[in-house]
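See structure below.
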């Protein structure tokens, strides 16, 4: 789901990320399990496997941001408690049972994706900005469309869609604007914004690989 580009100046990290990843985003929407979800042809098991394999990614991002909570670069992101890991775990319990960790495999693409995030969490952690953009701004934007699709095509209930539910934090539209601004502040404080932009492309490449891997291994 394409994150909307705001009308901003040439120094906007969010706009630069959008432009750099636009084609990769379109490719992601046409690849693997995500394409099936968007076309309404994915099965419940395929979606559950995708969610299980996104779990380590969110864990890594959230651990990295928490680690750099007092870092002036990432403190704007740490100020927003958007953590999705508990919500994903709740969804997986509802979708697959309390033993979802044992029943559902972590695929090689998911392990590689999470490891990449652990790597970029080193140093000043500024490359985490690209991964926060990809996941959280995506959840607040196109993720809301995905939620409605899942409700319609799979008849999933609220207890299976906590991942996309931000109601305990705030209105998704307002959060999207506020979080975009936080990403802008973080990017402006980073020493190498160009590296963040390229990391955005890396993030989408991992997402495409994961989507295709899930489609191959769906249960």
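Worth a mention:
- In a fully extended conformation the segment linking residue 188 and residue 112 would gain 24.5 nm over its present Cα-Cα distance, using 0.36 nm per residue.
- As a length-normalised measure over Cα pairs under 8 Å and 6 or more apart, the relative contact order of segment 100-219 settles at 43 percent.
- Segment 9-111: relative contact order in percent, alpha carbon pairs under 8 Å with at least 6 residues between: 27
- Gyration tensor verdict on segment 129-203 (Cα atoms; rounded if a/c is under 1.5, prolate if a/b is larger than b/c, oblate otherwise): prolate
- Considering helices alone, the calculated mean residue ellipticity of the chain at 222 nm is -20500 deg cm²/dmol, with DSSP H runs of length four and up weighted by -39500 (n - 2.57) and normalised per residue.
- When only Cα pairs below 8 angstrom with a gap of at least 6 residues are kept, segment 13-217 shows a relative contact order of 40 percent.
- Applying the Kirkwood pairwise sum to the alpha-carbon positions of segment 37-77 produces a hydrodynamic radius of 12.2 angstrom.
- Sorting the segments 17-27, 167-177 by their residues' average number of neighbouring beta-carbon atoms within 10 angstrom, most packed first, yields 17-27, 167-177.
- Semi-axes of the equivalent ellipsoid for the chain, Cα gyration tensor, largest first, Å: 27, 18, 17
Every number in this text was worked out from the coordinates using simple rules, so none of it is lab data. This one's a predicted model, so the numbers in the text were calculated from it and none came from an experiment. All Cβ positions, glycine included, derive from the backbone under ideal geometry; neighbour counts span all protein chains shown.
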